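Readers should treat all values here as calculations from the given coordinates under stated rules, not as data from a laboratory. Note that the structure is predicted; figures quoted are calculated from it, not measured. Positions of Cβ are generated from backbone atoms using ideal geometry, with glycine treated the same way; all protein chains shown enter the neighbour counts.
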Amino acid sequence: MTPVSTSLAVILTFAVLAAIAAILLRDVLNAIIAFAAFSFGIAVAWILLAAPDVALTEAAVGAGITTVLFLVTIAKTVRPGGERLFERIAWRSVAIVAVLVGALLTTIRSLPAVGSSEAPVATSRITEYYLQNAYPETGVENVVTAVLAAYRGFDTLGEATVVIAAGLAVLLVLRQEAYV
Amino acid sequence: MIDLLATHYNYLMFVALVAIGLYGVTASPNLVKKVIGLNIFQVGIFLFFVTSGYVDGAVPPVVHGDVAGTYASPLPHVLILTAIVVGVSLTAVALALIVRIYDAYGTLDEEAIREVQTE
Amino acid sequence: MSQSDPNRTYVESTIIMTTVRVVVPFVFTFGVFVMFHGAESAGGGFQGGVIVASAVLLLAFAFGIEPTRAWLEGPLAQLAIASGGGTFALIGLGALLSGGAFLEYPAYGFGTDGVKYGIELVELGIGAVVSGVLVSLFFSLSQGDFQSVGNGGGNGSNNGNGDGDAAGGERA
């Protein structure tokens, strides 16, 4: 059991601190900036976890598009300010969160160590199958693409439908005649 | 306990992110910050999934002919990839609803909206 | 940051405009590259689509949202969404017609290369859908033609106290 690499631990700690800042900062604009920093840190963490496809998406979506959507929203609504920099701690919420954390922490010990080669996902037959057969069967070297478009293609069609439905829902909610 | 911190650090950070996200959703009076909390919660779940597919010394699952070597499991990556894009679409729907709520109530404060509703 | 202008979402900045003018072609090309190159390296429809969308968002940030919308005028986004979704569904249905299951690429009978190009086409379709939807989400969210309730004057106000009474923004 090797411990988690230092760089991964550092970047994850940074991301968690940025997330705390995003929640506790009182000014919504500051919170959005902290959220963008959080997304950036997480995108780096995906690279360290050997998931470049997820990292590309997270960097463009989390630090880019989501942040811009938040900014547009506060430009169109209000941005409550005030003299305090941070929110007051809501102790009732802390109690709710403590219950969840307690429940989750009891399960941590039963999880395999990070990066363990005996982890169920790494040794599962499905992972094995995809890695060995994706290239011979589809001619696609990136297994993620092969699984996305071929093995789980029907699921991906569903995801595309959800994305289109979300676009329609925004139009419906904002009741605009013109589309773009 | 220190041992657990060293070997299960990602899972502890997953718990931390989920906790921060839940706190944001329940504690923030501002609707925009609730959506930020929702996004943080979601990324916590992503961290859990991607970590589960990682093996020490693994390279990204781009296989050039032979499968010798350690690769990260591609399946969690696929699931999270699509989940991120669906997540940003749903965030946009939530923000559109927030813009409409502001249009109707003139505020984004949860308590104030509730007061206007009961009047 | 004048309070009298409710649609104050754009401030012209030479630095941002110049930077964006230099950077956007590369971002856009990179996005299309990622979309096309999903088979050999990290990338694919979802990744490329969001990068292309972020290039358009960069333009909107530098040159103003309204001019960018006017520049992209026409059914471009609708076309991207419809053709992308159509490509995906038709490739699936085509396999059905060729005697296979839905999205069963080998049913087309072009061997492994056929499967690969089928996957590439599906990825391009996904890329078109994702970029089209994200761009139109941004434009519809930023369109400012409905202010039925008053309070419009405080829009985007930097000064939180200005909104405080009406918005209850000081409540914690």
Between the modelled labels at C:Asp113 and C:Leu96 (7 Å from Cα along Cα→Cβ) the distance in nm is 2.9 nm
Final fewest-first order of B:His8, C:His37 on the 10 Å Cβ neighbour count is C:His37, B:His8
The answer for B:Ala72, listing residues at least 5 apart or on another chain whose modeled amide H is closer than 5 Å to its amide H, is B:Val59
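Grab the other residues whose beta carbon is less than 13 angstrom from that of C:Phe110, score K and R as +1, D and E as -1, and report the net.
Numbers: positive: C:Lys116; negative: C:Glu104, C:Asp113, C:Glu120.
Charge balance near C:Phe110 sits at -2.
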Phi-derived 3J(HN,Hα) across the stretch A:66-80 with the Karplus relation (6.51, -1.76, 1.60, θ = phi - 60°), rounded Hz, x for Gly and Pro, is 4, 4, 5, 4, 4, 4, 4, 5, 6, 5, 8, 10, 10, 9, x
Nearest-0.05 FRET efficiency for C:Met17 and A:Arg88 at R0 = 30 Å, using Cβ-Cβ distance, is 0.15
Taking a crude spin-label model, label points 7 Å out from Cα along the C-beta direction, the B:Leu5 to C:Leu76 distance in nm is 5.3 nm
Note, A:Asn30: beta-carbon cut-off 15 Å, +1 each Lys/Arg, -1 each Asp/Glu, net +1
Per the charge dipole of the protein assembly as shown (beta-carbon charges, Lys/Arg positive, Asp/Glu negative, Cα centre), the residue among B:Gln42, A:Ile20, C:Val20 reaching farthest to the positive end is A:Ile20
Ordered by number, the GluC sites (Glu not before Pro) in the stretch C:45-120 that occupy a DSSP loop and have at most 11 other Cβ atoms within 10 Å are C:Glu73
Whole-Hz Karplus couplings 3J(HN,Hα) for the stretch A:85-90, θ = phi - 60° and coefficients 6.51, -1.76, 1.60, Gly and Pro as x, run 7, 10, 6, 6, 6, 8
Of the candidates A:Ala63, B:Thr107, C:Ala53, the farthest towards the positive dipole end of the protein assembly as shown (Lys/Arg Cβ +1, Asp/Glu Cβ -1, centred on the Cα centre) is B:Thr107
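Taking all pairs of distinct Cα atoms, average 1/r, flip it, and tell me the Kirkwood hydrodynamic radius of the protein assembly as shown in Å to one decimal place. Please report the intermediate quantities before stating the final value.
Values: mean 1/r = 0.0429 Å⁻¹.
The answer is 23.3 Å.
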Lys and Arg at +1, Asp and Glu at -1: neighbours of B:Ile40 with Cβ under 12 Å from its Cβ sum to +2
Karplus ³J(HN,Hα) for the stretch B:30-41 (6.51 cos²θ - 1.76 cosθ + 1.60, θ = phi - 60°; Hz, whole; x = Gly/Pro) runs 7, 5, 4, 6, 4, 5, 4, x, 4, 5, 5, 4
